[in-house]
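A quick write-up on the structure given underneath.
Derivation of every value follows stated rules applied to the coordinates shown; laboratory data play no part. What you see is a predicted model, and the numbers here were worked out from it, not measured in a lab. Counting neighbours? That spans all protein chains shown, and the Cβs are built from the backbone with ideal geometry, glycine included.
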Amino acid sequence: MIREISLKNFKCFLDSTVPFSQLTVLAGINNVGKSTIIQSLLLSRKVVTDFRNFNTKVLLKNEYVNLGSSKQATSFLSDDEHIYFTIKRNTAAKEISSLFIKFKAESGEANNYLTVKQITGIPDSSELSGINILHPSFLYLNAERLGPRDFQQYSADEFNMGIRGEYTSHILHKNERKKLLSGKCYQEDENTRF
């Protein structure tokens, strides 16, 4: 479980730490950083995924976030060209572990990526037990509203509904005859279908 995230020089956060618990509610007026906190977690997930694939540049518009340019990702309150994330979390052994990521925001309005300059504390698969935003099976649904569509998108992944729920109709259609495991159902019933 994530215990806290510290953000330095990221969007509206000059240097802040946000504590987490089993249930964390982000509430506040517009432009205080609620979405930025979620974006930092999703960007961290993207970095961990890409770093495992030896990718040192992280696009700011990807399957999880759309942050615009590197200039827009850095805090306007600072001249520092680096962004820092520290995520403290409990491991399966109930110890505290930290994931640290240092990005460099390349100068120029047109740059749509951040360069990972340093990363430490990447969790291995044994540390990713339970629901964890860094785990590959974690699914995130965005609150962005989808309007009417002339066609529906589809997903090659069996259970990836997309961050905006854009693949939901395809997943439901593809799995309409499959039974769910009883532990995945709200009410256990042998006739429960996907």
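Values for this structure:
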read-out: Length released on extending from Thr115 to Phe20, taking residue separation times 0.36 nm less the Cα-Cα span; value: 31.5 nm
read-out: Point-to-point label distance, Asn30-Lys178, nm (Cα→Cβ direction, 7 Å offset); value: 4.1 nm
read-out: Out-of-range pairs (alpha-carbon distance over 23 Å; input Lys61/Lys178; Lys46/Lys94; Lys11/Lys104; Lys11/Lys61; Lys71/Lys117; Lys94/Lys117); value: Lys61/Lys178; Lys46/Lys94; Lys94/Lys117
read-out: Prolate/oblate/rounded label for region 1-83 (Cα gyration tensor, a/c 1.5); value: oblate
read-out: Chain lengthening between Lys71 and Ser98 when straightened (0.36 nm per residue, less Cα-Cα); value: 7.1 nm
read-out: Set Lys57/Lys88; Lys34/Lys57; Lys8/Lys34 screened for pairs whose C-alpha atoms are more than 21 Å apart; value: Lys57/Lys88; Lys34/Lys57
